[in-house]
1. Taking the beta-carbon count within 10 Å as an exposure proxy, list A:Phe41, A:Phe402, A:Phe339, B:Phe93 from fewest neighbours to most.
2. Amide H to amide H under 5 Å from A:Leu98: which residues, 5+ apart in sequence or cross-chain, H placed 1.01 Å off N in plane?
3. Taking θ = phi - 60°, what integer Hz values does the Karplus form 6.51 cos²θ - 1.76 cosθ + 1.60 yield along the range A:304-321, in sequence order, with x for Gly and Pro?
4. For A:Gly215, which sequence-distant residues (separation of 5 or more, or a different chain) have an amide H within less than 5 Å of its own amide H, given hydrogens modelled in the peptide plane?
5. Kindly write out, for the range A:47-53 in residue order, the coupling ³J(HN,Hα) from the Karplus curve 6.51 cos²θ - 1.76 cosθ + 1.60 (θ = phi - 60°), rounded to whole Hz, with x marking Gly and Pro.
6. Using the charge dipole of chain B (Lys, Arg: +1 at Cβ; Asp, Glu: -1 at Cβ; taken about the Cα centre), state which of B:Thr113, B:Ser94, B:Gly79 has its Cα farthest towards the positive end.
7. With the dipole of the range A:124-212 worked out from charges on the C-beta (+1 for Lys and Arg, -1 for Asp and Glu) around the Cα centre, which of A:Val151, A:Leu161, A:Asn132 lies farthest toward the positive end?
8. With springs only between Cα atoms under 10 Å apart, run a GNM on chain A and tell me which of A:Arg127, A:Arg111, A:Arg329 wobbles the most.
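Where a number appears in this text, it was derived from the coordinates with a stated rule and is not lab data. The structure presented is a predicted model; accordingly, all values stated were derived computationally and were not measured. For neighbour counting, all protein chains shown are included, and Cβ atoms are generated from backbone atoms with ideal geometry for every residue, glycine included.
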Amino acid sequence: MRQVEGGPIDYLALDYLAEVTMSIMQKLRSRDPAAGYARDFAPLMERIFPACISGGVRVISNAGGVNPDAAADAVIEAGRSSGVAGQAKVGLVAGDDLMERLDDLIAAGERFENMETGEPLESILGRVQSANAYLGAAPIVRALELGADVVVTGRCADAALTYGPLMHEFGWHEDDFDRIGAGVAAGHINECGAQATGGNCSIEWWDIPNLADVGFPIVEVSEDGSFVVTKHLGTGGRVTSATVTEQIVYEIGDPAAYITPDAVADFTSLELTDLGDDRVRVTGAKGRSRTDSLKVSIAYSAGWKAVGTLTYAWPDAAAKARAADRILRSRLEGLGLHFEEMRTELVGWDSTHGHLAGEPPADLPEVQLRIGVRAAERAPVERFTREIAPLVLTGPPSVTGFAGGRPRVQEVMAYWPALIRREAVEPHVTVDVREV
Amino acid sequence: MAFVQLVDLAHARSGDKGNNANVGVIAYDPEHYHLLVSQLTSARVKEHFGEIVKGPVERFELPKLHALNFLLHGALGGGGTVSLMNDAQAKVFSTALLRIEIEVSDAVAAAVTGRGRVPAGWTPGEPPGKGE
């Protein structure tokens, strides 16, 4: 809301999808055919729709999840109840969902080898829950050309939510890889909430003003691809070349080859200039030709897990927690339970830096014992969750923090990144624009 | 010569790429970037993390941003929702790397020591409604 009303913007990009989100949405849709998209999106649109229409702000979002069709309908409904009926259009991008086509695609020669491990998909094929190709900007551009005020997609490259509107607005040619590379950089800087504007920022974090009302990033892009990163006037946070650089290096591999469906961007070419007043100019972006393949995100069932915690107090808190861990492990072994993995961490000591934290001092005031287990079957994990609370009465003393009850058993959805030929996906992509 | 912790020379942000962690390290002062390039080698970072990182460490340079990016392979216990780690998304691997010691001149040590840490006596201030 603040982003729409806090000052003039032309486009609002809203990213709703983490890597495993699609599998969760797939699960929801299997129970309810009308579900499977980001449920926050339509209520948000209901609030901002009139301001977007009167202010000429067009919204691009991947909130469609595994059911962009139902998401588009919900947005249309939200538009009607917010009073913009007859004044707005909603664009719907589909065709990223490969789940129904998976067997056909494999029969046609797609291998879907795991990009990280090289393993063949056959090893998990029966357990696949969702499979979606990351689409590029072309369908977003098409929807905008057709007059969509709101574009709803399923899985697409996060950065395409930002560089798609730029390609549309400036008419950047699909082979203009430097400009698209600049748009990719703008999208990457833009896509993680306030992480470019002072949120999660390690540079003098204690001095960053008013994070309670932090401004979200805005990119002001010129036709040549140079852009300024900023935030609305009067909002909290901070934009400097250092805060922007922290976001540029976030969740990347080779910075010279940041791969998207439309270009391979080179972040090492970027030059940042502080303009003052929370404005940073970004120039010099380079890009190279897009690849022949698209990335596919596959999620598959990989068993069950649970994490249990107990808090031990001074004196000798860490020693007590470690003793409790031994007792629990002996109990579980005695019960004949087998786990793929069992992990013990001491929160307040080594759960974030491991052995780099050194040995805990004897006068550590308190520590939380955190034990996680994972197994292919649900039963041993379930049993584990019933073995935590008894430790309070049967194990080492000065223990508390179990009031929350038994740990929750969670299904594990594992992530399987793969590639697919472009030609196997792009002819199936559809763009549909509907009146509110 | 003297040693300072990397936290006084650089800031950092980390995240996950599947079962790999990425740590981007940015020199506060561009003049100190060469210290990172020469001392913060892949081998040194691999040795620093030890058993935490199962696979190789790759390093990438971003000289125009006076930054290095490290990809720590096999650091997240399976990654995503598979991992049992508290920090399964590698959000604070950055600070684990900032513990590493870098050799600098006495002058640099004097200038930067404490740079990356909250000033002594700092408080978050009064809660809303209680201040001026």
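1. Details: A:Phe41 23, A:Phe402 17, A:Phe339 20, B:Phe93 28.
Neighbour counts put them in this order, fewest first: A:Phe402, A:Phe339, A:Phe41, B:Phe93.
2. Answer set, sorted by chain and number: A:Ala131, A:Asn132, A:Ala133.
3. Going residue by residue, I get 9, 8, 8, 10, x, 9, 9, 10, 10, 10, 3, x, 6, 4, 5, 5, 5, 5 Hz, with x marking Gly and Pro.
4. Under 5 Å from the amide H of A:Gly215: A:Gly236, A:Gly237.
5. After applying 6.51 cos²θ - 1.76 cosθ + 1.60, I find 6, 9, 3, x, 5, 5, 5 Hz.
6. Ranked along the dipole, the leading option is B:Gly79.
7. Final value for the positive-end residue is A:Asn132.
8. Sorting by GNM fluctuation, first place goes to A:Arg329.
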